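S.K.: Here it is, the structure, as structure tokens.
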Amino acid sequence: MYRKLKTYFIGGCMSLLDSVHDKSRLTLLYNLTFAVLIIGVVSTIVSIFLGTYSMLIPSFANVFFSLTILYVIRLTKDFSIVAKIYFMLLFVLIFGNLIFNDGTMHVGAPFWIMLLNIAVMYIVGVKWGIAFIVVSLGVFLYYLHYIFPYHNRILKTLSDEVYYSVYYESFFALFLLGYIIYTILQSSKASDDLLKKKNVELVNQNNEILLREEEKTIMLKEIHHRVKNNLQVITSLLRLQMHELDSDSEVEKFNDSINRILTMALIHDRIYQAEEFSRINLEEYFMGLSNDLMNSYQINFNVDLSFKFEIEKIGLKSIVPLALIYNELFSNSLKHAFTNTEVPSINVIISGFDDEYFKFTYEDNGNWKSSEGKSTFGRELIHSLTQQLDGEVDFSTTAMTKYSFKFKHLDLD
């Protein structure tokens, strides 16, 4: 019977709620309203039986208000506004009975006031609860100062039946007060249990995601490792074919192509070895690439290399074209710039420009041959890669030959 009535009155509203706390608030409002309804019916019957007719008005009012509220919740499917109206009516009923009804002892009034304020605090909210407490305190102090002395004087004139009514009124009030406290504690426990359950689910999901990420990282690193190996196979084939060439110019072109492939292979190797998949140690990479190029060209002089990196990382989409540009510039410096230079030096600076772009500066102190000013494959490659990075380049020859690039972080797209 109780479950059927509960479904009838608040089933529709309950189906619209997702929060455990909101469902607990609605359940408490229903149970409180239903209990007040039952108490009102019992009080009405007892008052008629005992002849304590002064209790009939508040008892009947409880029945009327409770039934009205339950039907309004059923029709509107919104308990928040209904709860505010209901508690304001109960406030008027409790304090109206306390101040204007001198035919009863009002022993249970403090319990009803406590019950009302706790219910408002939990069901409606903290702000409303504080407001009810402040107003309740003010009205109750008014009662104690102005009304209670009069009620105290007429206690002896009250009938025995009125004294008997105190027992069931106090019992009902204490029972409901205890029930509300129990419901709040149960709701808190249910919320805590749900939180623990959700935490366990989140931990399991996180572990599963971490496992998948680890598997993905291992798989991608393996792909990079295989790409590096394949590039090295291509390099070996080109070197074998290079030995069959007779022309020095063709050998040089083959060697340049090999170095470009090695540049890409070194990137894949660094990714494979990196602890963080998306982060490459820039200084370590460029220093390693420089040493490989110097060994490849078998130069017989030392180069003073200076690297300055003002940004922590460059995305994988940007690092490959950037490395190829560096390969072209560094190779040209080794082959053409340091013929008559006593202490060859190369400076490389990578710095942040803004959130979307970064700067790449390359300069050496060599004397470039005039023929290098002509259009060559290397320069065309640099131009093409600069466009790929959505960048621009500025070339100057003052005390040092200097290339200044502004590139876009492609990984932001």
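S.K.: Between Tyr297 and Val41, with labels modelled 7 Å along Cα→Cβ, what's the label distance in nm to one decimal, could you check?
M.R.: Rounded to a tenth, the inter-label distance reads 10.0 nm.
S.K.: Let me ask something additional. Which residue, chosen from Tyr362, Leu56, Leu75, occupies the Cα position most advanced towards the positive end of the dipole of the chain, where the dipole is computed from +1 (Lys, Arg) and -1 (Asp, Glu) charges on Cβ about the Cα centre?
M.R.: Leu56
S.K.: What FRET efficiency comes out for Ala131 versus Met287 if R0 is 56 angstrom and r is the Cβ-Cβ distance? Round to the nearest 0.05. Please report the intermediate quantities before stating the final value.
M.R.: On the way: r = 70 Å, r/R0 = 1.25.
Between Ala131 and Met287 the formula returns 0.20.
S.K.: Related question: Rounded to the nearest 20 debye, what is the charge dipole size of segment 281-413 about its Cα centre when +1 sits on each Lys and Arg Cβ and -1 on each Asp and Glu Cβ?
M.R.: Numbers: 11 positive and 20 negative charges, 96 e Å.
That gives a dipole near 460 debye.
S.K.: Roughly what percent of Cα-Cα pairs across segment 115-272 reach past 22 Å?
M.R.: Result: 74 percent of Cα pairs exceed 22 Å.
S.K.: Using R₀ = 51 Å, calculate the FRET efficiency as 1/(1 + (r/R₀)^6) where r is the Cβ-Cβ separation of Asn152 and Glu208; round to 0.05.
M.R.: Details: r = 70 Å, r/R0 = 1.38.
So, using R0 = 51 Å, E works out to roughly 0.15.
S.K.: Shifting gears a bit: Using a Förster radius of 41 Å, what is the FRET efficiency between Asp354 and Thr217 based on their Cβ-Cβ separation? Nearest 0.05, please. Spell out each step's value before the answer.
M.R.: Working: r = 30 Å, r/R0 = 0.74.
For R0 = 41 Å, the calculated efficiency reads 0.85.
S.K.: Ordered by residue, what ³J(HN,Hα) values in Hz, to whole numbers, does segment 57-70 give under the Karplus form 6.51 cos²θ - 1.76 cosθ + 1.60, where θ = phi - 60° and Gly and Pro are x?
M.R.: Those phi angles translate into 4, x, 5, 5, 4, 4, 4, 5, 4, 5, 4, 4, 4, 4 Hz.
S.K.: With the contact rule set at Cα under 8 Å and sequence spacing of 6 or more, what percent relative contact order holds for the chain?
M.R.: Values: 437 pairs, mean separation 40.8, N = 413.
RCO, the chain: 10 percent.
S.K.: I need the phi-derived Karplus couplings for segment 233-247: 6.51 cos²θ - 1.76 cosθ + 1.60, θ = phi - 60°, integer Hz, Gly and Pro marked x.
M.R.: For segment 233-247, the Karplus-derived couplings read 5, 4, 4, 5, 5, 5, 5, 5, 5, 5, 5, 8, 7, 9, 7 Hz, x marking Gly and Pro.
S.K.: Here is a follow-up. Hey, rough spin-label estimate for His21 and Ala190, points 7 angstrom out along Cα→Cβ, what's it come to in nanometres?
M.R.: 1.4
S.K.: Please compute the contact order of segment 281-413 in relative form: average sequence separation of alpha-carbon pairs under 8 Å and at least six residues apart, divided by the residue count, as a percent.
M.R.: Values: 201 pairs, mean separation 35.0, N = 133.
This gives 26 percent for segment 281-413.
S.K.: Could you compute how fast the chain diffuses translationally, taking Rh as the Kirkwood radius over C-alpha pairs and applying Stokes-Einstein at 37 °C with viscosity 0.692 mPa s? Give it in µm² per second.
M.R.: Values: Rh = 29.4 Å.
Rounded to a whole number, D works out at 111 µm²/s.
S.K.: Can you tell me how much longer the chain between Gln387 and Ser80 gets when fully stretched, taken as 0.36 nm per residue apart minus their C-alpha distance, in nm with one decimal?
M.R.: That works out to 104.4 nm of additional length.
S.K.: Where nothing but the Cβ of Lys and Arg (+1) and of Asp and Glu (-1) is charged, how large is the charge dipole of the chain around its Cα centre, in debye to the nearest 20? Don't skip to the answer; put the middle values down first.
M.R.: Working: 36 positive and 44 negative charges, 560 e Å.
Magnitude of the dipole: close to 2700 debye.
S.K.: Continuing with this model, one more query. Give me the percent relative contact order of segment 2-199, please, defined on Cα pairs under 8 angstrom at least 6 residues apart. Intermediate values should be presented prior to the final figure.
M.R.: Numbers: 166 pairs, mean separation 50.5, N = 198.
The normalised contact order for segment 2-199 reaches 26 percent.
S.K.: Report the rotationally averaged projected area of segment 1-76 based on its alpha-carbon convex hull, in square nanometres. Mind dumping the intermediate values first?
M.R.: Working: hull surface 21.2 nm².
Convex hull of Cα atoms, orientation-averaged projection: 5.3 nm².
S.K.: Which lysines does Lys216 reach when only Cα atoms under 23 Å apart count, and residues fewer than 8 places away in its own chain are ignored?
M.R.: Lys216 reaches Lys228, Lys313, Lys317.
S.K.: What are the ³J(HN,Hα) values, in whole Hz, obtained from phi via the Karplus relation 6.51 cos²θ - 1.76 cosθ + 1.60 with θ = phi - 60°, for each residue of segment 187-201 in sequence order, with x given for Gly and Pro?
M.R.: Listing the rounded values in order: 5, 4, 5, 5, 5, 5, 5, 5, 4, 4, 5, 5, 4, 4, 4 Hz.
S.K.: At 7 Å along Cα-to-Cβ for each site, give me the label-to-label distance between Ile261 and Leu141 in nm.
M.R.: In this crude label model, Ile261 to Leu141 measures out at 9.3 nm.
S.K.: Continuing with this model, one more query. Enter the per residue convex hull volume of segment 2-199, computed from alpha-carbon coordinates, in Å³ rounded to the nearest integer. Each step should come with its number before you reach the end.
M.R.: On the way: hull volume 22.2 nm³, N = 198.
Spread over its residues, the Cα hull of segment 2-199 gives 112 Å³ apiece.
S.K.: Counting other beta carbons within 10 Å of each residue's own, what order do Val82, Val120, Val20, Val200 fall into, fewest first?
M.R.: By the 10 Å Cβ count, ascending: Val200, Val20, Val82, Val120.
S.K.: If you don't mind, there's one more thing I want to ask. If you stretched the chain out fully between Leu5 and Gln232, how much longer would it get, using 0.36 nm times the residue separation minus the C-alpha to C-alpha distance?
M.R.: Details: separation 227, 0.36 × 227 = 81.72 nm, distance 7.86 nm.
Answer, rounded to one decimal: 73.9 nm.
S.K.: Could you state, as a whole-number percent, how many of the C-alpha pairs of segment 281-413 are farther apart than 26 Å? Let's see the in-between values first.
M.R.: Details: 1645 of 8778 pairs.
When every Cα pair of segment 281-413 is considered, 19 percent fall beyond 26 Å.
Only the coordinates and a few stated rules stand behind these numbers; no lab work does. Remember, predicted model here, so these are calculated numbers, not experimental data. Glycine also receives a Cβ, built like all others from the backbone with ideal geometry; neighbour counts cover every protein chain displayed.
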